[in-house]
1. Condition first: at pLDDT below 80 and either of a type in the set (Val, Ile, Thr) or under 19 Å from Met229 (Cβ atoms) (or both). Now tell me which residues in region 312-371 satisfy that.
2. Let me confirm something: among Ile513, Ile550, Ile569, which residue is of a type in the set (Val, Ile, Thr) and under 15 Å from Ile676 (Cα atoms)?
3. Among what's in region 252-270 and is open to solvent by less than 40 Å² (accessible area, probe 1.4 Å) and of a type in the set (D, E, K, R), pick the residue that is modelled with the highest pLDDT.
4. For region 163-190, enumerate the residues that are surrounded by 16 or more Cβ atoms within 10 Å (Cβ to Cβ) and among the acidic types (Asp, Glu).
5. Out of curiosity, is Leu443 modelled with pLDDT of 80 or more, touching a Phe, Trp or Tyr at 6+ places or on another chain (Cβ under 7 Å) and under 28 Å from Gln248 (Cα atoms)?
6. Answer yes or no as to whether Leu559 is closer than 22 Å to Ile664 by Cβ, crowded, with 21+ Cβ neighbours inside 10 Å and free of Cβ contacts under 8 Å to residues at least 60 places away in the same chain.
7. State yes or no: is Gly285 surrounded by fewer than 17 Cβ atoms within 10 Å (Cβ to Cβ), on the phi > 0 side of the Ramachandran plot and at pLDDT 90 or above?
8. If Tyr67 satisfies all but one of (1) open to solvent by less than 20 Å² (accessible area, probe 1.4 Å); (2) at pLDDT 80 or above, what's the number of the condition it fails?
Amino acid sequence: MPYADHVFFKNLLTLNWSADQLGKIVLLGHSFGTMVKMLELSISKQEKFGVTEQREKVRKLLAIKEYVNEFELCSELDGFWGDDCPYDELANESDDSQEQCGCMHCVANVERYAMISALPSSFSVHLFHFDPEIGMDHLVPDNHTTRVWSTVNIEMNYDAQLTGCHLNPSDAYIEDKDLMEAVSIIKEVHETMLDIKRSSVYTKFIDQLKDNPSIGDCISRMLGSHEYMTLVIYGLGSFEFDVKSQYQLAFALLLKEDKIFPVGDIELYDPALSPADVKSCFDLGIRVLLVNEQRHRRVEKPTIFYVPGLKFVGNLIEANLSPEYLNKMVLVSYGFKDGGESISGEFENWNCGCTRIVGSLSLERDRFLLATKDCIHEVISLENSDRGLVGVSGLKLEFLEVDDDTDIYSKLPRLTLQEKIHLDFKLELEHNSFLSFDHVASLRMQLEERISRPFRDQCAFKDDVTPFWGHVFRHRLPVMKRTTWSPPPKGWVKLNFHGIGCSQGTPACIGGILHNDKGEVLSYYAGPVGDVDEIVASARALDMGLQNMIDLHEPVFKLIVEGDNLTVIRWCNVISCPPERECDLFSRISWCMNLRPSEAPAPDELPTECNKGDGSKDADYDNGQKDDDQEGGGASSESVIPPGWTRREYIAWQVEEGANQVTIRPAHVGASLPGILIHQSTMCDCGNGMDMKNDEPDDTWFLCGFDMGDDIITRLT
């Protein structure tokens with residue numbers, strides 16, 4: 001066990017869980033005691049945020065720590081590396097990456113590197129010493145000896161009948177909560193696919209493909225006698241936790257659905273996949289790989305490699321460094337050719353012996369990009385625009401074409417033997433550290449921590465800086481946190497809204513309600529909005545609620561916006577942008593969420609000079625292309641706030657319809673009303689609305705002013 005791979009160790013213990021069997025095992029590898037200490041530290045940190053799943057996974061490891069004798073070997077191994085210890089270098093690289101990005105996956109990688117650096121570079125011999133009479137079931141009861149953990153974070157049959165390297169759905173054990181989560185993920189992925197297809201970025205991309213006849217020639221040349229191409233996806237991340245990963249997955253599915261390529265099987269691997277992710281893959285027709293190929297797959301048939309992150313794409317090129325294989329590949333990434341061009345300066349003096357790759361694992365991998373950058377024959381790009389889609393904008397499809405007599409190896413910068421040994425060890429360490437780190441538990445802990453950020457003591461923020469929380473809620477909320485309604489925290493006001501599209505002669509209608517932190521209804525409203533679809537109706541419901549808030553309830557310093565329309569909530573969090581026809585509407589919505597009147601003007605006097613028409617907060621937040629998690633981010637210093645207005649702190653998140661019943665009933669009532677009607681509960685002496693029944697306001701107020709014989713009374717009752 002040369003690396004601290006707790007997945008391997010858990011399975012080894014599960015299948016040999018008796019004093020007699022464990023007594024026959026000797027383990028050579030990294031310190032078990034150190035591994036347990038790292039796990040306990042990680043678990044302790046997670047449990048502060050209510051995440052307990054990792055303790056359950058490693059309970060056998062924790063139970064036997066008192067029964068392991070450890071003898072250190074090779075204590076002088078550090079001297080082999082001199083001043084260039086790979087452990088230290090990997091830790092330093094993680095520090096550099098943390099300065100650039102604070103997204104959930106990058107923070108998880110920093111924690112993973114910390115685990116590497118905490119491991120002693122020496123190996124130890126481990127022996128188990130149990131009393132033969134010890135009751136192992138007493139140490140850990142309810143042992144499932146027929147299940148083992150896979151490298152994609154779910155349990156499976158230990159004797160699973162695998163088809164190649166793929167997980168068979170019938171061999172996977174997935175809990176009910178993860179099954180429910182998967183249903184929600186699949187629904188969101190389908191909505192995300194529609195969002196991408198509606199975007200101008202995707203439309204322009206399709207037009208590029210249609211207008212370039214050589215693309216069809218490239219595909220025909222690659223296919224040869226084959227009917228379909230395989231789509232292989234590496235490094236997508238977890239789409240249970242990350243909206244960006246969800247958009248990237250949706251785009252991959254569109255490559256097949258819209259017949260951009262003749263795609264047959266879709267295969268996916270990422271060590272950060274959760275059980276809900278795996279179940280979603282099963283239901284979306286994606287085959288889940290059980291083996292971390294390290295992107296070293298040799299191409300045997302036409303293959304599209306979808307690799308959103310370029311890190312270690314060099315592995316893929318290294319495994320296929322000949323015209324025979326490269327001519328069967330299409331790459332989807334943020335720019336393979338651009339990556340090769342950007343590093344050329346690092347190697348320009350290579351042949352003169354003026355440059356040496358010392359200690360840089362990523363640069364060593366990049367030499368394969370440099371050697372093949374001129375093999376890119378065609379490039380089709382998705383526009384990289386601040387009006388684009390997070391995770392999709394800027395992607396490139398790159399087709400390779402290499403003459404059969406091309407000597408690619410001659411273009412490859414060479415390594416000395418010492419450099420090769422040194423960097424190969426680092427590469428193995430990098431690979432195995434993925435196996436020794438529980439990505440899902442880390443992502444779940446980070447999610448809990450991020451959700452709680454807006455409601456903590458915010459004394460750390462400067463008085464003149466109002467934090468922007470859109471970047472936090474670009475991460476996906478789990479469905480279990482979106483199923484019930486609750487009053488807002490102290491100091492906050494909550495606006496729930498709902499829109500219903502027109503149907504069969506019935507006009508579209510809207511409803512909404514505002515609550516204070518005591519759970520009291522401040523006001524609610526309902527009414528028809530004409531011949532529009534559900535998305536536009538939902539946006540108008542939000543717009544009306546914000547206008548009512550400004551008219552009736554200011555000052556509102558902290559606002560929570562809740563709705564069940566995923567598209568509109570994503571507009572609020574600058575994940576995607578509204579279509580051109582709705583820009584004016586959403587500019588007004590964005591204004592009202594971001595700013596509050598300090599000297600309240602009339603609603604029809606809202607300034608227009610800051611309305612960008614793209615729903616964005618300011619230039620600092622460009623749809624996820626910059627740091628997703630820059631804390632304390634107030635407005636840009638370049639953003640001009642007109643006199644009489646100041647920043648408002650707001651949160652926007654999606655909830656399930658069950659948690660939005662407070663507005664669904666009023667919205668249905670709205671279809672029968674002559675216009676938009678508003679009831680201000682705090683100012684009206686009718687007594688209606690302040691107390692809700694069954695999470696719904698008293699919508700009988702809308703009947704006031706009509707005679708009993710009126711048609712509206714008949715329809716409502």
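The values are calculated or read from the model by the stated rules, or taken from the named source; none is laboratory data. The shown structure was predicted, so the numbers you read here are calculated from the model rather than taken from an experiment. Virtual Cβ from ideal backbone geometry, glycine too; neighbours counted across all protein chains shown. Side chains are part of the model used for accessible areas, which takes the heavy atoms of the whole protein and leaves out ligands, DNA and RNA. Shrake-Rupley method; radii C 1.70, N 1.55, O 1.52, S 1.80 Å.
1. Phe336, Ile343, Thr355, Ile357, Val358, listed by residue number.
2. Ile513 is the lone residue from the list that is of a type in the set (Val, Ile, Thr) and under 15 Å from Ile676 (Cα atoms).
3. Out of the qualifying residues, it is Glu267.
4. If the condition is that a residue be surrounded by 16 or more Cβ atoms within 10 Å (Cβ to Cβ) and among the acidic types (Asp, Glu), then Asp171, Asp178, Glu181, Glu188 are the ones that fit.
5. In short, yes.
6. no
7. Yes: the conditions hold for Gly285.
8. (1)
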